[in-house]
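Below: one structure, written as structure tokens.
The values are calculated or read from the model by the stated rules, or taken from the named source; none is laboratory data. These numbers were taken from a predicted model, which means no experiment stands behind them. All Cβ positions, glycine included, derive from the backbone under ideal geometry; neighbour counts span all protein chains shown.
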Amino acid sequence: MNQIRKDNVWQIIIAGLLKYSLILIVLFISVYPVLWVFISSFKEVPGGLGLPEEWIFNGYITIFTKLNIASYFSNSIMVSVLSTIVSVTFVSMAAYVSARIQFKGKPLITLMFASTLFIPPISISFPIYRLINSMGLYDTRTGLVLIYSGLGIAVTFFVIRNYFLTIPKEMEEVALIDGCSHVVTFFRVILPLAKPGIATAAVLSLLNNWNEFYFAALLLESKDHMTIPALLGQFRTAYARDFNGMFSAIIVSVVPTILLFSFTSNLFIKSLTAGAVKG
């Protein structure tokens, strides 16, 4: 009996060591790049995790004085927020229809939403570039808002849809019996109950839009319209790269997303856990 108890104790200890070792490995992989960039932003020659012998602040001075980073921030905020509002508004309606209403072709439409997960953005860059040019929206924030509104639709769709599935159908049935249409039921009953799920999808969409670089660099040319990620291209010339300034810009662009995710982490856990129950 004592031998069995000792074996159980050792199994618990080994399991705990394995668990925390795995957590430390994942934490190291996640934190190391950010920490490396942060320390390198203060070095004249980037590299390693050792503290710099001489702290260089030229990169931060450059982005806050010469490059007028406030305009980049305002562009990123405007583009990210507007595209998130447009995307979440329309996708939430589609998610409600997919979650609650039965109609022909429903599995096919759901599959079409899922299929967008497997389409790399670079593969559709040329038709998007042609489309934006033909609409006269090249080098405009409006064009970028339209593109961002369509990116990440699948993730937004399934997060909201799964949360809708956790809401009891009886609440909708009562509203329909009282004479409410599906539209009224959606806005007055479903949306207030699905705030955590919709907020989670909105935060995910906002983070993706804020960090998006490829289409921002492809569709924007004027510095007055560029977003924060596009700022990184300002530190490269045909002959050299200003790594100190580039790393400083990376840190400045990453800090808002880290703070946003830190303040909304409980919301993510609540929403994604609830959506996994029936989704």
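Return yes when G275 is outside any loop (DSSP other than H, G, I, E, B), modelled with pLDDT under 80 and over 24 Å from S41 (Cα atoms) and no when it is not.
yes
Going through segment 122-136 one residue at a time, which ones are free of Cβ contacts under 8 Å to residues at least 60 places away in the same chain and either part of a helix (DSSP H, G or I) or aliphatic (A, V, I, L, M) (or both)?
So in segment 122-136, the residues free of Cβ contacts under 8 Å to residues at least 60 places away in the same chain come out as 123-124, 126-127, 130-131, 133-136.
Scanning segment 122-136 gives S123, I124, F126, P127, R130, L131, N133, S134, M135.
Within the bounds of segment 35-42, is there any residue that is without any contact (Cβ under 8 Å) to a residue 12 or more places away in the chain and either of a type in the set (D, E) or surrounded by 10 or more Cβ atoms within 10 Å (Cβ to Cβ) (or both)?
no
Within segment 39-61, can you find the residues that are under 28 Å from the mean Cα position of the chain (by Cα) and not in a loop (DSSP other than H, G, I, E, B)?
Scanning segment 39-61 gives I39, S40, G59, Y60.
Among (1) surrounded by 19 or more Cβ atoms within 10 Å (Cβ to Cβ); (2) over 23 Å from the mean Cα position of the chain (by Cα); (3) of a type outside the set (D, E), there is one condition I160 misses while meeting the rest; what is its number?
All conditions are met except number (2).
For M171, only one of the following conditions fails: (1) touching a Ser or Thr at 6+ places or on another chain (Cβ under 9 Å); (2) without any contact (Cβ under 8 Å) to a residue 24 or more places away in the chain; (3) surrounded by 14 or more Cβ atoms within 10 Å (Cβ to Cβ). What is its number?
Failing condition for M171: (3).
If you take the residues of segment 92-108 that are of a type in the set (A, V, I, L, M) and exposed (fewer than 14 other Cβ atoms within 10 Å of the Cβ), which of them is farthest from the chain's Cα centre (by Cα)?
Per the stated criteria, the residue is I101.
In segment 70-77, is there at least one residue being of a type in the set (V, I, T) and in contact (Cβ under 8 Å) with a residue 40 or more places away in the chain?
Checked against the condition, which is being of a type in the set (V, I, T) and in contact (Cβ under 8 Å) with a residue 40 or more places away in the chain, segment 70-77 yields no hits at all.
Given the criteria over 23 Å from the mean Cα position of the chain (by Cα) and either part of a loop (DSSP other than H, G, I, E, B) or surrounded by 21 or more Cβ atoms within 10 Å (Cβ to Cβ) (or both), does G143 qualify?
No: the conditions fail for G143.
What is the number of the single condition among (1) in a loop (DSSP other than H, G, I, E, B); (2) closer than 30 Å to I190 by Cα that M93 does not meet?
So the condition that M93 fails would be (1).
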